[in-house]
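Beneath this line is the structure, given in structure tokens, with notes to follow.
The values are calculated or read from the model by the stated rules, or taken from the named source; none is laboratory data. In this text, all values refer to a predicted model and were calculated from it rather than measured experimentally. Note that we place each Cβ from the backbone using ideal geometry, even for glycine, and neighbour counts take in every protein chain shown. Surface areas here come from the heavy atoms of the whole protein model, side chains and all, with no ligands, DNA or RNA. Shrake-Rupley method; radii C 1.70, N 1.55, O 1.52, S 1.80 Å.
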Amino acid sequence: MSLYRKLLLRLYPYKSLQDDYVTRLQGSIGGAGMLHPGNVYALDYAIRHAPAEGAILEIGSFAGLSTNVITWLLRKHQRLSTPFFCCDPWVYDGYHDKVRHDDAIYMQHFEGCEHVTREVYTHFIRESFIRNTLLFTHDALPHALHLESDTFFDAWKKEETHADVFGRQASLGGRLSFVYIDGDHSYEQARRDVENTLEYLLPGGLILLDDSADYWKYGSVRLAREMRRWKGLGLVMKNPNYLFVKG
Ligand SMILES: C[S@@+](CC[C@H](N)C(=O)[O-])C[C@H]1O[C@@H](n2cnc3c(N)ncnc32)[C@H](O)[C@@H]1O
């Protein structure tokens, strides 16, 4: 939380209601997104400093907020011709999945509330992604694939051709200049995403790892700390999420 927000909170304290349903709803109505303001700054930096050749990849698009911020920044910096890929399986990640995985009602519904199934919710988010992107980036649609990142990288390696969510064919493969990793934040998956990225990342290419700020508890935080010691990677900034450059 910024100093300004802390000060505001001290001056104007208020009580809040802890309610998972309402928290999730705030991030979903109208297909809103989950994008830290510091990431927008880091995305802008990355898009301005990424090698001119190579493609950009986003892992985890949700309703398209970060996707459309990226395409906006590409437009702003006259780099809209850069090939831009994104992948998302549009899966639901409940707040209590780890401890309630045996509770079938919880696992099938939006925070366990039986009037909204996870299936209907994730379909809505995917449709929101399509609608948001058709509105804000209709003239330069990204190659958006309904795939988990592991499957995406497998297809990338094999240089396959895949239909994207807009019904167009996308040819995969080649070098990457910048990758925004915001999919599954477990240590194991985030690490696989980084390792797969590094196989294709050009020298000077960048990786922004979401939810890696020191104060979070995700596996991506542990990963970011380890990456600081990896040879061939440099830390560009912590804002508060980690942005790395390949040497
Ligand atoms: C935090 S949201 C992404 C938010 C989005 N970048 C934004 O700014 O609004 C995480 C997304 O990652 C997706 N996801 C989960 N596991 C994934 C995986 N293995 N590969 C790619 N995406 C994944 C989820 O479906 C979800 O839409």
Report summary line: Checked against (1) in contact (Cβ under 8 Å) with a residue 60 or more places away in the chain; (2) touching an Asp or Glu at 6+ places or on another chain (Cβ under 7 Å); (3) in a helix (DSSP H, G or I), Ser61 satisfies every condition except (3)
Requested in this report: Kindly check whether there is at least one residue in the stretch 195-209 that is acidic (Asp, Glu), within 11 Å of the ligand (Cβ to nearest atom) and either in contact with a helix residue (DSSP H, G or I) (Cβ under 8 Å, 6 or more places away or on another chain) or within 16 Å of Trp230 (Cβ to Cβ) (or both).
Outcome: no
Requested in this report: State all residues of the stretch 166-179 that are open to solvent by less than 20 Å² (accessible area, probe 1.4 Å) and in a loop (DSSP other than H, G, I, E, B); if no residue qualifies, say none.
Outcome: Leu172
Query raised in the report: Within the stretch 108-116, is there a residue that is within 13 Å of the ligand (Cβ to nearest atom) and either under 27 Å from Ser220 (Cβ atoms) or open to solvent by less than 30 Å² (accessible area, probe 1.4 Å) (or both)?
Result: no
Query raised in the report: Cβ-Cβ below 6 Å, separation at least six or inter-chain, first residue in the stretch 1-24 and within 29 Å of Phe110 (Cβ to Cβ) and part of a helix (DSSP H, G or I), second open to solvent by 100 Å² or more (accessible area, probe 1.4 Å) and not β-branched (Val, Ile, Thr): which pairs?
Result: Asp20/Tyr95
Query raised in the report: So which pairs qualify, if the first residue must be in the stretch 103-120 and among the charged types (D, E, K, R), the second must be surrounded by 15 or more Cβ atoms within 10 Å (Cβ to Cβ), the Cβ gap must be under 6 Å, and the two must be at least 6 apart or on different chains?
Result: Glu111/Arg24; Arg118/Tyr92
Report summary line: Note: among Asp182, Asp139, just one is open to solvent by 20 Å² or more (accessible area, probe 1.4 Å) and within 27 Å of Trp230 (Cβ to Cβ), namely Asp182
Query raised in the report: Of the residues Leu65, Leu73, which single one is open to solvent by less than 20 Å² (accessible area, probe 1.4 Å) and not small (Gly, Ala, Ser)?
Result: Leu73
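Here is a yes/no grid of residues against (1) within 21 Å of the chain's Cα centre (by Cα); (2) outside any helix (DSSP H, G or I); (3) closer than 17 Å to His185 by Cβ; (4) within 12 Å of the ligand (Cβ to nearest atom):
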| position | (1), (2), (3), (4) |
| --- | --- |
| Ala42 | yes, no, yes, no |
| Asn68 | yes, no, no, yes |
| Arg79 | yes, yes, no, no |
| Val91 | yes, yes, yes, yes |
| Ile105 | no, no, no, no |
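A quick yes/no check of all residues on (1) more than 28 Å from Thr137 (Cα to Cα); (2) aliphatic (A, V, I, L, M):
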residue	(1), (2)
Thr161	no, no
Asp164	no, no
Ser177	no, no
Ser186	yes, no
Ala190	no, yes
Pro203	yes, no
Leu206	no, yes
Leu209	no, yes
Gly232	yes, no
